[in-house]
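Novice: Supplied in structure tokens, the structure appears directly below.
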Amino acid sequence: MNKLTFNTSLCKGCALCVDACPKKLLRLSPGSLNEKGYHPVGVTDEDACISCAFCAVMCPDCVITVAKK
Ligand code: SF4
Ligand code: SF4
């Protein structure tokens, strides 16, 4: 099961989650745009995620769902 699920159509590219991640695993995807015209967030190394959910708590648009380990 994936630790992280992104509802990328809701992402507005604000990067609050990027700054919140203590492992620095999140980044905006420079090569893609969502329906709103923003570069949506993605994860660089999902295996390194510690499921702290800081990113999900920080996101104002409920884009990120974190599964427990
Ligand atoms: S759950 Fe924690 S470690 Fe995993 S991507 Fe979110 S902030 Fe980073
Ligand atoms: S997932 Fe949420 S906090 Fe992260 S860039 Fe998108 S809207 Fe902002």
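Read the figures in this text as sums done on the coordinates, not as results from a lab. Computed from a predicted structure; not experimentally measured. Reconstructed Cβ throughout: ideal geometry from the backbone, glycine too, with neighbour counts over all protein chains shown.
Novice: Counting just the residues of region 15-28 that are assigned to a loop (DSSP other than H, G, I, E, B) and buried (at least 16 other Cβ atoms within 10 Å of the Cβ), which one comes out nearest to ligand 2 (Cβ to nearest atom)?
Specialist: Initially, region 15-28 is screened for residues assigned to a loop (DSSP other than H, G, I, E, B), giving 15, 21-25.
Right, trim to buried (at least 16 other Cβ atoms within 10 Å of the Cβ) and you get 21, 25.
Values: 21: 10, 25: 12 Å.
That would be 21.
Novice: Sticking with this one: So which of 44, 8 is polar (S, T, N, Q) and loosely packed, with under 14 Cβ neighbours inside 10 Å?
Specialist: 44
Novice: Being on the phi < 0 side of the Ramachandran plot and hydroxyl-bearing (Ser, Thr, Tyr) is the filter here, so list the residues in region 16-67 that pass it.
Specialist: Selection gives 29, 32, 38, 44, 65.
Novice: Same structure again: Any residue at all in region 47-56 that is in contact (Cβ under 8 Å) with a residue 12 or more places away in the chain, of a type outside the set (Gly, Ala, Ser) and within 11 Å of ligand 2 (Cβ to nearest atom)?
Specialist: Yes, there is a match, as at least one residue in region 47-56 is in contact (Cβ under 8 Å) with a residue 12 or more places away in the chain, of a type outside the set (Gly, Ala, Ser) and within 11 Å of ligand 2 (Cβ to nearest atom).
Novice: Right, something else. Please find, among 36, 12, 23, the residue that is touching a residue at least 24 places away in the same chain (Cβ under 8 Å) and within 12 Å of the chain's Cα centre (by Cα).
Specialist: Unique residue meeting the criteria: 12.
Novice: Do you know which of the residues in region 29-46 that are part of a loop (DSSP other than H, G, I, E, B) and touching a helix residue (DSSP H, G or I) at 6+ places or on another chain (Cβ under 7 Å) is farthest from ligand 2 (Cβ to nearest atom)?
Specialist: Taking region 29-46 and keeping what is part of a loop (DSSP other than H, G, I, E, B), we get 29-40, 44-45.
Adding the requirement that they be touching a helix residue (DSSP H, G or I) at 6+ places or on another chain (Cβ under 7 Å) leaves 34-35, 40.
Numbers: 34: 9, 35: 13, 40: 6 Å.
That would be 35.
Novice: Within region 1-10, can you find the residues that are under 15 Å from residue 66 (Cβ atoms), among the hydrophobic types (A, V, I, L, M, F, W, C) and within 11 Å of ligand 2 (Cβ to nearest atom)?
Specialist: 4, 6
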